[in-house]
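Asks: Okay, here's the structure, questions in a sec.
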Amino acid sequence: MTAEAKAVTKPATTPASIPASIPASPPLTERQEARRRRILHASAQLASRGGFDAVQMREVAESSQVALGTLYRYFPSKVHLLVATMQDQLQHMHTTLRKRPPAGEEPAERVAETLMRAFRALQREPHLADAMVRALTFADRSVSPEVDTVSRLTTAIILDAMGLEAPPTAEQLSAVRVIEHTWHSALITWLSGRASIAQVKIDIETVCRLIDLTAPGTGPARGPGKA
C-alpha cells in the first residue's frame, strides 16, 4: 500500500467529544483532502439522484476528476465509500448542531430533539439516506474502522446534546448505545415504508427516556442486605 493510501484510509481527525481510544491517523495533505472532498461530494450527488445502485465507482471517479485507481486507494469499495459519505454527512450535522444546539431543558428532551433534527436532514435526501444505510448494513469486517467512526460520531452528537457536566458513566454509555441502535433501526423501518415519521418520533422520544433512568443518583433503591 502506498504512503498516500495509508494516509487516506481513515479520517484525519477525531471529534473532541469521543474518547480517544483509537489513535488518530496521519493528517491528509491539502491536496489529498481536496481530492477526498471531491470524491465524497460526487458520491453524495450520485446517491441523492439514484440511491445505492447509482453510485458506481467509475462514475464517481469521473465526476470527482480522479483516476479510478486513485479512487480505489482512497476507498477500496463502494461500501467503504458510502460509509465514509455517511461519516461526512454526520460531521456536517454535528457542526450545524453545535452552532444551533437543542433548546430543551432536560437531557432526554435535548437528545430526542437532536436526533429528530438529524433524521429530518436525512429525510430531505431519501435516496442518499437509503444508500448510506444500505452500505452500513452490507459492511463487513473490512469496513469496521469506517463503521466505528460513524458510531463514534453518533455517540458524540448524543453526548453533546446531553450536556453532561461530568464524564458519562458506564450506564449512561450503555443507554447511548441503545439509543443509537434505535435511531438506526428507525431509519431502516422508515426507509422501507414500515414506519411513519410520527412513529419514528415516538420511538426516539421513548428510548431517550433511558437517559433519565441512567442519570447518577436515579437508580432503584436497594434494601438492606441486597447486592
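Asks: How many of the residues in the stretch 155-172 are open to solvent by 40 Å² or more (accessible area, probe 1.4 Å), touching a Leu at 6+ places or on another chain (Cβ under 9 Å) and over 17 Å from I204 (Cβ atoms)?
Replies: Result for the stretch 155-172: 2.
Asks: Another question, then. Given the conditions (1) under 20 Å from S43 (Cβ atoms); (2) among the small types (G, A, S); (3) touching a residue at least 12 places away in the same chain (Cβ under 8 Å), and given that A161 satisfies all but one, which numbered condition is not satisfied?
Replies: Among (1) under 20 Å from S43 (Cβ atoms); (2) among the small types (G, A, S); (3) touching a residue at least 12 places away in the same chain (Cβ under 8 Å), A161 violates only (1).
Asks: Can you tell me which residues in the stretch 175-189 are open to solvent by less than 50 Å² (accessible area, probe 1.4 Å) and without any contact (Cβ under 8 Å) to a residue 60 or more places away in the chain?
Replies: Once the filter is applied, which keeps residues that are open to solvent by less than 50 Å² (accessible area, probe 1.4 Å) and without any contact (Cβ under 8 Å) to a residue 60 or more places away in the chain, the stretch 175-189 yields A175, V176, E180, T182, T189.
Asks: Just checking, does the stretch 119-128 include any residue being surrounded by 18 or more Cβ atoms within 10 Å (Cβ to Cβ) and of a type in the set (D, E, K, R)?
Replies: no
Asks: Another question, if that's okay. Name the one entry in S17, S43 that is open to solvent by less than 40 Å² (accessible area, probe 1.4 Å), of a type in the set (G, A, S) and at pLDDT below 75.
Replies: Every option except S17 fails the conditions.
Asks: Could I ask something else about it? State whether one or more residues within the stretch 113-134 are touching a His at 6+ places or on another chain (Cβ under 8 Å) and of a type in the set (A, V, I, L, M, F, W, C).
Replies: yes
The values are calculated or read from the model by the stated rules, or taken from the named source; none is laboratory data. Since we're looking at a predicted model, the values are computed, not measured. Backbone-built Cβ (ideal geometry, glycine too); neighbour counts: all protein chains shown. Quick note on the areas: whole protein, heavy atoms, side chains included, nothing else; ligands and nucleic acids left out. Shrake-Rupley method; radii C 1.70, N 1.55, O 1.52, S 1.80 Å.
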